[in-house]
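Visitor: Here's a structure for you.
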Amino acid sequence: MGSSQNWLTRVARFPRLRALAWVGEELYASRGYELLRARVKDPRVIAWQSVAKFVPPLRRRFSVANRLSARLFRDGFHALAVLPSGAIIGAVPGSIVTLRPGEMEFQKTHAITRGTRPLHITAVPGGAVYWGEYFDNSARDEVHIYTSADEGATWNVIYAFPGGSIRHVHNIVHDPWGNSLWILTGDYGDECRILRATCDFSSVDTVMKGNQQARAVAAVITADGVYFSSDTPLESNHIYHLDREGKVSQLASTSSSSIYGCRVGDDIFFSTMVEPSDVNRDRTVRVYGANVANTESWQPVLTWEKDLFPMGLFQYGNAFLPDGENGTPFLAVSTIAVESDDQCLSLYEIDSTR
């Protein structure tokens with residue numbers, strides 16, 4: 001079991017589940033290619049209900065059945081967005097898949113030909129959905145952002161980064177206070193950007209770019225701006241705050257690259273992954289937390305040690321934090337490639353009196 005500070009208490013543990021997204025008190029999680037949902041009021045009494053399944057190609061039906069082969073082939077759901085209508089959009093290896101309200105099986109609606117999947121899918125209250133291409137892009141070709149206005153039935157390119165400008169898109173995050181989108185890209189030099197766009201992409205402005213500290217994947221939006229964590233193997237990593245006037249403040253150092261963040265009530269969390277480099281040598285997955293009223297008090301609140309399986313084949317050690325709006329006082333964390341809690345979803349109660 002991962003160790004924790006005393007203001008987090010693990011109250012539930014679910015093997016072979018990966019938390020994907022919150023919608024109020026409902027948590028969506030996957031077991032392979034099956035999507036489940038549970039209402040989280042008392043985490044000690046949770047009943048998971050099957051929502052739908054995606055039927056993958058035959059070879060993945062075999063590989064997903066085994067814990068290690070599922071890690072090897074990166075099986076299962078990797079991102080999810082639940083629309084106001086109840087439609088659900090997911091990312092699985094090689095495809096964007098869509099579940100229409102009332103149906104029980106996801107349908108493939110877009111074949112991903114560059115890379116295997118986006119890192120995140122983003123929906124806005126009006127119903128539009130977005131994702132950005134994430135692929136190796138060694139030739140630095142044009143990179144696309146896709147959107148759907150018909151609940152994931154069809155997809156169109158809404159914005160294209162010119163060839164040579166970026167490597168790929170890390171994340172797109174909706175800003176409800178500004179009714180806009182924050183776009184994070186990488187990986188080197190001016191390819192590292194934090195941009196702000198209108199939801200129709202009629203305006204796309206670069207807010208930060210040009211250094212490894214602008215290389216980010218995880219971002220948490222609040223009324224006073226954007227909290228984000230850097231994701232670089234080339235330098236030490238940090239947690240930052242970007243205010244509404246464009247001022248950037250460095251809040252804390254982290255032990256390694258970070259690609260997931262979330263908010264639970266007044267608390268913000270970012271996780272790190274074990275991705276050793278000449279700079280980042282830590283073999284411990286950590287979750288850092290702080291209260292928005294005191295964001296100078298960041299500290300590691302959860303830790304796990306990387307397991308013994310090689311990272312190139314069986315994935316980096318990591319702690320996944322689900323997207324969406326969490327309406328509960330519980331932190332959901334899914335871990336992979338760590339000792340004791342490999343491929344396990346845990347719920348933590350946060351001590352509100354600390």
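The values are calculated or read from the model by the stated rules, or taken from the named source; none is laboratory data. This one's a predicted model, so the numbers in the text were calculated from it and none came from an experiment. No Cβ is skipped: glycine too gets one built from the backbone with ideal geometry, and neighbour counts run over all protein chains shown. Accessible surface is based on the protein model in full, side chains and every heavy atom, while ligands, DNA and RNA are left aside. Shrake-Rupley method; radii C 1.70, N 1.55, O 1.52, S 1.80 Å.
Visitor: Would you mind computing, in nm to one decimal, how far apart the modelled labels at residue 6 and residue 222 are, each placed 7 Å from Cα along Cα→Cβ?
Guide: Label-label distance for residue 6 and residue 222, simple model: 2.5 nm.
Visitor: For segment 260-354, what's the relative contact order in percent, using C-alpha pairs closer than 8 Å and at least 6 residues apart?
Guide: On the way: 193 pairs, mean separation 23.9, N = 95.
It rounds to 25 percent for segment 260-354.
Visitor: Using 0.36 nm per residue, how much length does the chain from residue 74 to residue 253 gain when fully extended, once their Cα-Cα distance is taken away? Don't skip to the end; give the middle numbers.
Guide: Numbers: separation 179, 0.36 × 179 = 64.44 nm, distance 2.96 nm.
Full extension from residue 74 to residue 253 adds 61.5 nm.
Visitor: Kindly report, to the nearest 10 Å², the accessible surface of residue 328 as traced by a 1.4 Å probe over protein heavy atoms only.
Guide: 10 Å²
Visitor: Taking Cα centroids, how far is segment 109-164 from segment 230-299 in Å?
Guide: Computed from Cα coordinates, the inter-centre distance equals 26 Å.
Visitor: Report, please, the projected area of segment 156-270 averaged over directions, based on the convex hull of its C-alpha atoms, in nm².
Guide: Numbers: hull surface 29.2 nm².
For segment 156-270, averaging the hull's shadow over all directions gives 7.3 nm².
Visitor: If you don't mind, there's one more thing I want to ask. Taking the highest mean first, how do the peptides 63-76, 81-94 order by number of other beta carbon atoms within 10 angstrom per residue? Intermediate values should be presented prior to the final figure.
Guide: Details: 63-76: 16.5, 81-94: 21.1.
The most tightly packed comes first, giving 81-94, 63-76.
Visitor: Sorting 119, 242 by accessible area (1.4 Å probe), largest first, what list results? It would help to have the intermediate numbers written out before the result.
Guide: Working: 119 40, 242 0 Å².
Sorted descending by solvent-accessible area, the residues read 119, 242.
Visitor: Still on this structure, please answer the following. Ratio of Rg to Rh for segment 1-112, alpha carbon only, Kirkwood? It would help to have the intermediate numbers written out before the result.
Guide: Values: Rg = 15.1 Å, Rh = 15.1 Å.
Radius of gyration over Kirkwood radius for segment 1-112 works out to 1.00.
Visitor: Rank these by accessible area, largest first, 1.4 Å probe: 161, 62. Please report the intermediate quantities before stating the final value.
Guide: Working: 161 5, 62 150 Å².
Accessible-area ranking of 161, 62, largest first: 62, 161.
Visitor: Using every Cα-Cα pair within segment 282-354, state what percent have a distance larger than 16 Å. Before the final figure, lay out each step's value.
Guide: Working: 1445 of 2628 pairs.
So the portion of pairs separated by more than 16 Å is 55 percent.
Visitor: Given the whole protein assembly as supplied and a 1.4 Å probe, what does the accessible area of residue 336 come to in Å², nearest 10?
Guide: The accessible area comes out at roughly 20 Å².
Visitor: Keeping all protein chains in place and using 1.4 angstrom, which order do 283, 18 fall into by accessible surface area, from largest down?
Guide: Values: 283 110, 18 40 Å².
Heavy-atom accessible area, descending, gives 283, 18.
Visitor: I'd like the accessible area for residue 311: 1.4 Å probe, protein heavy atoms, all chains in place, Å² to the nearest 10.
Guide: That residue has around 40 Å² of solvent-accessible surface.
Visitor: Could you give the spread of the C-alpha atoms of segment 82-234 along their three principal axes, from largest to smallest, in whole angstroms?
Guide: 46, 37, 28
Visitor: A further question follows. Hey, with R₀ at 41 Å, roughly what FRET efficiency would residue 48 and residue 190 work out to, going by the Cβ-Cβ distance, to 0.05? It would help to have the intermediate numbers written out before the result.
Guide: Values: r = 45 Å, r/R0 = 1.10.
E between residue 48 and residue 190, to the nearest 0.05, is 0.35.
Visitor: Sort the chain into rounded, prolate or oblate with this rule: let a ≥ b ≥ c be the square roots of the eigenvalues of the Cα gyration tensor; rounded if a/c is under 1.5, and if a/c is not under 1.5, prolate when a/b is larger than b/c, oblate otherwise. Spell out each step's value before the answer.
Guide: Details: a/c = 1.22, a/b = 1.01, b/c = 1.21.
Rounded, because the longest to shortest axis ratio a/c is under 1.5.
Visitor: Right, next: Please work out how much length the chain gains when fully extended from residue 179 to residue 278, using 0.36 nm per residue of separation minus the C-alpha to C-alpha distance, in nm with one decimal. Kindly include the intermediate steps, with their values, before the conclusion.
Guide: Numbers: separation 99, 0.36 × 99 = 35.64 nm, distance 4.00 nm.
Stretched out fully, the residue 179 to residue 278 stretch lengthens by 31.6 nm.
Visitor: Multiply the residue separation of residue 58 and residue 140 by 0.36 nm, subtract the distance between their alpha-carbon atoms, and state the gained length in nm to one decimal. Provide the component values of the computation, followed by the final result.
Guide: Values: separation 82, 0.36 × 82 = 29.52 nm, distance 3.31 nm.
Stretched out fully, the residue 58 to residue 140 stretch lengthens by 26.2 nm.
Visitor: Now a separate question. Determine the relative contact order of segment 91-180: mean sequence separation of Cα pairs under 8 Å and six or more apart, normalised by residue count, in whole percent.
Guide: Numbers: 183 pairs, mean separation 22.6, N = 90.
Computed value for segment 91-180: 25 percent relative contact order.
Visitor: I would also like to ask the following. Among DSSP beta bridges lying fully in segment 1-121, give the percent that are antiparallel, nearest 5.
Guide: Details: 28 of 29 bridges.
Rounded to the nearest five, the antiparallel share is 95 percent.
Visitor: Below 8 Å between Cα atoms, with a sequence gap of 6+, how large is the relative contact order for the chain in percent? Write out the running numbers ahead of the final one.
Guide: Working: 978 pairs, mean separation 54.9, N = 354.
Contact order relative to length: 15 percent.
Visitor: Could you work out which residue, out of 333, 279, 124, moves most in a Gaussian network model of the chain, that is, has the largest mean-square fluctuation with Cα springs under 10 Å?
Guide: 279
Visitor: Place the peptides 132-141, 175-184 in order of packing, highest mean first, counting for every residue the other Cβ atoms within 10 Å and averaging per peptide.
Guide: Values: 132-141: 15.9, 175-184: 18.4.
Top of the packing list down: 175-184, 132-141.
Visitor: According to a simple spin-label model (label point 7 Å from Cα along Cα-to-Cβ), what is the distance in nm between residue 67 and residue 244?
Guide: Using points 7 Å along Cα→Cβ, the separation is 4.8 nm.
Visitor: Give me the log10 of I(q) over I(0) for segment 226-317 at q = 0.21 Å⁻¹, as the Debye formula computes it from C-alpha points; what are the numbers?
Guide: With one equal scatterer per Cα and no solvent, log10 I(q)/I(0) is -1.00.
Visitor: Just check segment 70-146 against the gyration tensor rule for me: Cα atoms, a ≥ b ≥ c as the square roots of the eigenvalues, rounded for a/c under 1.5, and otherwise prolate or oblate depending on whether a/b exceeds b/c.
Guide: Details: a/c = 2.41, a/b = 1.41, b/c = 1.71.
Note, shape of segment 70-146 comes out oblate.
Visitor: Could you tell me how far the Cα centroid of segment 173-211 sits from the Cα centroid of segment 22-97, in Å?
Guide: Value for the Cα centre distance between the two parts: 28 Å.
Visitor: Add -39500 (n - 2.57) for each DSSP H run of 4 or more in the chain, then divide by its residues: what number comes out at 222 nm, to the nearest 500 deg cm²/dmol?
Guide: On the way: 3 runs with 16 residues, N = 354.
Result for the chain, helices only: -1000 deg cm²/dmol.
Visitor: Can I ask one more? What distance in nm separates the simple spin-label points at residue 16 and residue 211, each placed 7 Å from Cα in the Cβ direction?
Guide: In this crude spin-label approximation the distance works out to 4.8 nm.
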